[in-house]
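Inspection log for the structure reproduced underneath, given as structure tokens.
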Amino acid sequence: MSVRKIIFVLVLTTLFLGISACRQEDTTGTNAPLRPVKTLTIALDTFTPKTYYAASINAVEETTLSFKVAGTVVDVLVKAGDRLQTNDLVVRLDDQDYKLQVQQAEANHVKAQAEARNARARYERTRGLYEVDSASRSDLDAARAGFEASKAAVKAATKQLDLLQRQLSYTRLLSPRACQVATVWVEKSENVAVGQGVVTLSCGNRFEARTQIPETLVSAIAVGDTVDVNLKALNKKTGAVITALGKISEQQTAAFAVSAELQTAPPELRSGMSAEIGFPMVQNRHGLIVPAIAVSEDAQGRFVYLLEPSADDKTGTVIRRAVSTGALSDQGIVIQSGLKEGEHLIIAGISHIQDGQRVLMFQGDVEQEAEYEEQYEEGQR
């Protein structure tokens, strides 16, 4: 290689190294953009850890209809979700046997009335003969007894007819009030027994969550207490008031039934939906609560990033701090040790920072933060 080529290569290398040094200096200098982070000032707070139990949503005014007589279903006129008015027909049984019994009772009633009329005529005729000494006292007493017996027979036939007519009417199951059908338990041609659930109705707009809790939690709650209810199917949360607390545990489970009426019910809420009830643990405690997202973990354990503000209160230096954590609640995670009240905890931008890094204390909204983040990335390039 000639001397001229060697000199040319050395000049190019020198220029390249100089340009790289300039770029590095521009990136790390005072004009380089700073990574934005958001902070939260740590404060002592009162927290109530909660324990959640699976529950089901039911209407407060819920009733299951059943027949007063046994029979075979011939018509199911409703389905789940239908809205009913008072006395709307819901389910009908085969009523042929009951109609025949009514017809037989009607015939017996007519017969009893006829016999009563004849007994009365005999009694009046015998009494007339007795008054003119043409009939004995025993004849009069017998005629009177026959008349009284015939009247009793008419009353019995009337009551029997009324009973069978009522049983005939029981083959038609009617809605007791304006409600919505929650569940239909039977199908056409199915035989049902007396008292067997046929249709469950949900009435009104009040709902409650029902669950069972262990005996260790019973002493911590009472009727009238407020609890949280997560409506899982709707991804919504609402408050509820405990309205019923079982006095006796369920057999073989040592669990107690609890009902809590929802303070607000979304229009789309339906009976039978799943939910969770959050019950407070036995005793409230005091501690430092921070957002769970602020706590990270690596091979050295759990830690957080704090910000030591600069004099301008706009920038600061990142400080890594090991922490000991406690219970996780819906309010955040409890810090048992490692933090002090008044320190500045970094809660956003955590994945892009490290111990000792200078950062910008960002105070804008989400859109401004995204814009500044984009500018930062562009500056890094």
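Read the figures in this text as sums done on the coordinates, not as results from a lab. On a predicted model such as this, the values are computed, not experimentally measured, just so you know. Cβ: placed from backbone, ideal geometry, glycine included. Neighbour counts: every protein chain shown.
What relative contact order, as a whole-number percentage, does the range 287-336 give when Cα pairs under 8 Å and 6 or more residues apart are counted?
In percent, rounded to a whole number, it is 41.
Dipole magnitude of the range 98-227 about its Cα centre, charges +1 at Lys/Arg Cβ and -1 at Asp/Glu Cβ only, in debye to the nearest 20?
Charge dipole of the range 98-227: 520 debye, to the nearest 20.
Ser134: net charge of surrounding residues, Cβ under 15 Å, Lys/Arg +1, Asp/Glu -1, itself excluded?
Once all neighbours under 15 Å are counted, the net charge is 0.
Per residue of the range 84-95, in order, report the coupling 6.51 cos²θ - 1.76 cosθ + 1.60 (Karplus, θ = phi - 60°) as ³J(HN,Hα) in whole Hz, putting x for Gly and Pro.
Working through the residues one at a time gives 10, 9, 4, 6, 5, 6, 10, 9, 10, 9, 5, 10 Hz.
Could you tell me whether the range 97-183 comes out rounded, prolate or oblate from its Cα gyration tensor? Rule is a ≥ b ≥ c as square roots of the eigenvalues, rounded for a/c under 1.5, then prolate if a/b exceeds b/c, otherwise oblate.
Verdict is prolate for the range 97-183.
Determine which residues of the range 208-240 fall in the zone a paramagnetic label at Ser56 would reach in this model, i.e. backbone nitrogen under 14 Å from the point 7 Å along Cα→Cβ.
208-212
Local charge sum around Cys203 (other residues, Cβ-Cβ under 15 Å, Lys/Arg +1, Asp/Glu -1)?
My count for the surroundings of Cys203 gives -2.
To make sure I understand the rule: partners must be lysines, Cα under 23 Å from the Cα of Lys68, and not fewer than 8 residues away in the same chain. Which ones qualify?
Lys79, Lys99, Lys159, Lys188
For the range 168-231, just say rounded, prolate or oblate: build the C-alpha gyration tensor, square-root its eigenvalues into a ≥ b ≥ c, call rounded for a/c under 1.5, and beyond that prolate if a/b exceeds b/c, oblate if not.
Prolate, because a/c is 1.5 or more and a/b exceeds b/c.
Starting from the amide H of Gln196, placed 1.01 Å from N in the peptide plane, find each other amide H under 5 Å away whose residue is 5 or more places distant or on another chain.
For Gln196, whose amide H was placed from the backbone, the distant partners under 5 Å are Phe67.
In a shell of Cβ-Cβ distance under 13 Å around Val323, excluding Val323 itself, what net charge do Lys and Arg (+1) and Asp and Glu (-1) give?
Net charge around Val323: +1.
Counting other beta carbons within 10 Å of each residue's own, what order do Leu84, Leu173, Leu234 fall into, fewest first?
Going from sparsest to densest Cβ surroundings: Leu234, Leu84, Leu173.
Out of residues 5 or more away from Ala265 or on other chains, whose amide H comes under 5 Å of its own, with H placed 1.01 Å from N in the peptide plane?
It is none; the list stays empty.
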